[in-house]
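Below is one structure, written out as structure tokens; the observations come after it.
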Amino acid sequence: IGKVRKKVAERGLEQRTLVLFISDNGGPTMKGTTTNGSINKPLRGSKRTTLEGGVRVPFVLSWPERIKPGVYDQPVIQLDAHTSILAAAGVQVQPDWRLDGVDLLPYLNGQQTGAPHDALYWRFGDQMAIRKGDYKLVRYDSNADGPVESGKRPVTEAKLYRLSDDIGEATDLTASMPDKVTELQTAWDAWNATLVPLLWGKSRAKKL
């Protein structure tokens, strides 16, 4: 990465070049992953889970000619990189492409306000998550809560967290906010219905 950026600078293109850096997942800290020196605190969870420790990662963009230094704190997703790069290249996105990502550039340069997404969705095997506003509904690999019987990694029941004051996903609100659980689960089910069938996980095994 350093060599490429150095060459871009040597050719006088640094100001005009959009560079994006993002991790594909959180640090591997859980049994069942190839663990290393990763520390995800204060987030809970690991690579290969839908907890924040598995899906919340650094995302850095640099384009000195177009983007001023700053921090953007609205939820975005890796899918936005595709759409943003197309926009930077002057490509007109066509509706029939059905891209999930949003062009982030107007949000980063102040031309557009508000949140780029009404909700963010995840599906990983039988794990799932939806983040809408401050709330997140999630089913995750129970290995994240500690060792389980060898060879078995059951997915939890749905749990509801308010990330604005519980970034560590410690307090489950499902019992006290059943309407919010229903709202988020309904939204996730509608999104999931637009996807291809699972290619792995117990749900696929049941269908077979």
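Take the range 104-130 and flag every residue that is open to solvent by 40 Å² or more (accessible area, probe 1.4 Å) and within 16 Å of the chain's Cα centre (by Cα). Matches in the range 104-130: ALA115, ASP118, TYR121, TRP122, ARG123, PHE124. Restricting attention to the range 4-15 and to residues that are outside any loop (DSSP other than H, G, I, E, B) and exposed (fewer than 13 other Cβ atoms within 10 Å of the Cβ), the residue that is farthest from the chain's Cα centre (by Cα) turns out to be GLU10. Filtering ASP141, ASP145 for residues that are crowded, with 19+ Cβ neighbours inside 10 Å, at pLDDT below 95 and not small (Gly, Ala, Ser) leaves a single hit, ASP141. Of all residues in the range 9-51 being of a type in the set (Gly, Ala, Ser) and touching a residue at least 40 places away in the same chain (Cβ under 8 Å), which is farthest from LEU160 (Cα to Cα)? Among residues in the range 9-51 that are of a type in the set (Gly, Ala, Ser) and touching a residue at least 40 places away in the same chain (Cβ under 8 Å), the one farthest from LEU160 (Cα to Cα) is GLY32.
Scanning the range 167-183 for residues that are of a type in the set (D, E, K, R) and within 14 Å of VAL138 (Cα to Cα) turns up GLU169, ASP172, LYS180, GLU183. Applying a threshold of 8 Å to beta carbon distances and a minimum spacing of six or more residues, or different chains, the list of pairs starting in the range 105-129 at a residue that is closer than 28 Å to TRP200 by Cα and small (Gly, Ala, Ser) and ending at one that is surrounded by 19 or more Cβ atoms within 10 Å (Cβ to Cβ) and at pLDDT below 95 reads GLY125/VAL155. Please verify whether ASP80 is under 20 Å from the mean Cα position of the chain (by Cα) and not small (Gly, Ala, Ser), treating the condition exactly as stated. Taking the combined requirement at face value, the residue satisfies it.
Taking the criterion of being loosely packed, with under 12 Cβ neighbours inside 10 Å and at pLDDT 95 or above, the only residue of the range 148-160 that qualifies is GLU157.
Candidates are the residues of the range 19-46 that are assigned to a strand (DSSP E or B) and aliphatic (A, V, I, L, M); the one that is farthest from GLN78 (Cα to Cα) is VAL19. For residues that are exposed (fewer than 12 other Cβ atoms within 10 Å of the Cβ) and over 30 Å from THR83 (Cα atoms), scanning just the range 16-40, find the one that is modelled with the lowest pLDDT. By that ranking, first place goes to THR34.
The values are calculated or read from the model by the stated rules, or taken from the named source; none is laboratory data. The structure presented is a predicted model; accordingly, all values stated were derived computationally and were not measured. Cβ atoms come from the backbone with ideal geometry, glycine included; neighbour counts cover every protein chain shown. With ligands, DNA and RNA removed, areas are computed over all heavy atoms of the protein, side chains included. Shrake-Rupley method; radii C 1.70, N 1.55, O 1.52, S 1.80 Å.
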